[in-house]
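Undergrad: Structure below; questions to follow.
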Amino acid sequence: MDEEFSDQEGDTLLRLARMTIGEKLGVRADENDIALLEKELEAGVFKKKRGVFVTLQMNGELRGCIGNLEAGETVAEAVRENSVNAAFKDPRFPALQRHELERVSIEISILTKPEPVKYRDKNDLLSKITPNKDGVIIADNRKKATFLPQVWEQVPGKEEFLSHLCVKAGMRKNEWKNGGLEVKVYRVESFQEKTGNFGTDF
């Protein structure tokens, strides 16, 4: 995919995420740093509407991951909202504590628009998914789940990837083999803080 965001713009979003979480924990950033960040966020690229996920990791393990698949907000707004949600509202984890802030590393994933996958059977579906590049969404009635492309690092096999995704959605692990599931794929631009040990959303 063509890159829309530079490394410098990714760094701006990472700083925004960290400042937003810190502020909720009572850790106020330097006023000059806040002013500089707000100035940087005036750039048009941050006003684009995209799906965004924010992932928190600590000691190489997932500590929170929340996002939106559809482009309902600007990138800057989505980073603000999902930073707070990942830190304090992921139901799999207790709310982040102030003493954990320095040990947490942040990753931001900016999504392309999810595209439906038309497939005839399980083999056709497997042929239309690209490991290490595609994020995948599966849905069936009220059950729905996604894995970001980074999950391929932990689950490199296509069949295993889809089976784990079905389990995440609350389905039987082999449900994807039966056909009938709604499947969409997307790509991401991801930006990760350069310090700490990093795990993957799984």
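The values are calculated or read from the model by the stated rules, or taken from the named source; none is laboratory data. Worth saying up front: this structure is predicted, and the values here are computed from it rather than measured. Cβ coordinates were reconstructed from backbone atoms using ideal geometry, including for glycine residues, and neighbour counts include every protein chain displayed. Just the protein is used for accessible areas: all its heavy atoms, side chains included, with ligands, DNA and RNA removed. Shrake-Rupley method; radii C 1.70, N 1.55, O 1.52, S 1.80 Å.
Undergrad: In region 19-56, which residues are in a helix (DSSP H, G or I) and in contact with a Leu (Cβ under 8 Å, 6 or more places away or on another chain)?
TA: Here is the first cut: in region 19-56, the ones in a helix (DSSP H, G or I) are 19-24, 31-40, 44-47.
Selection gives Met19, Ile21, Gly22, Leu37, Phe46.
Undergrad: Kindly evaluate Glu70 against the criterion of being more than 16 Å from Ser190 (Cα to Cα), in contact with a strand residue (DSSP E or B) (Cβ under 6 Å, 6 or more places away or on another chain) and not hydroxyl-bearing (Ser, Thr, Tyr).
TA: yes
Undergrad: Still on this structure, please answer the following. Is it the case that Glu115 is under 26 Å from Lys48 (Cα atoms) and free of Cβ contacts under 8 Å to residues at least 24 places away in the same chain? Before the answer, list the steps.
TA: Numbers: under 26 Å from Lys48 (Cα atoms): yes; free of Cβ contacts under 8 Å to residues at least 24 places away in the same chain: no.
Judged against the criteria, Glu115 is not a match.
Undergrad: In region 151-162, what residues are assigned to a loop (DSSP other than H, G, I, E, B) and touching a residue at least 40 places away in the same chain (Cβ under 8 Å)? Can you show your working first?
TA: Narrowing region 151-162 to residues assigned to a loop (DSSP other than H, G, I, E, B): 154-157.
Residues satisfying the conditions are Gln154, Val155.
Undergrad: Separate question: When region 173-196 is examined, which residues are found to be more than 18 Å from Asp7 (Cα to Cα) and outside any loop (DSSP other than H, G, I, E, B)?
TA: Glu175, Trp176, Lys177, Asn178, Glu182, Val183, Lys184, Val185, Tyr186, listed by residue number.
Undergrad: Also: For Gly170, which of the numbered conditions (1) touching a residue at least 60 places away in the same chain (Cβ under 8 Å); (2) among the small types (Gly, Ala, Ser); (3) not in a strand (DSSP E or B) fails to hold?
TA: Among (1) touching a residue at least 60 places away in the same chain (Cβ under 8 Å); (2) among the small types (Gly, Ala, Ser); (3) not in a strand (DSSP E or B), Gly170 violates only (1).
Undergrad: Could I ask something else about it? Looking at region 38-56, can you tell me whether even one residue there is in contact (Cβ under 8 Å) with a residue 12 or more places away in the chain, within 13 Å of the chain's Cα centre (by Cα) and exposed (fewer than 13 other Cβ atoms within 10 Å of the Cβ)?
TA: Scanning region 38-56, I find no residue that is in contact (Cβ under 8 Å) with a residue 12 or more places away in the chain, within 13 Å of the chain's Cα centre (by Cα) and exposed (fewer than 13 other Cβ atoms within 10 Å of the Cβ), so the answer is no.
Undergrad: Quick check on Val167: is it within 17 Å of Glu115 (Cβ to Cβ) and open to solvent by 20 Å² or more (accessible area, probe 1.4 Å)? So that I can check it myself, show each step before the final result.
TA: Values: within 17 Å of Glu115 (Cβ to Cβ): no; open to solvent by 20 Å² or more (accessible area, probe 1.4 Å): yes.
No.
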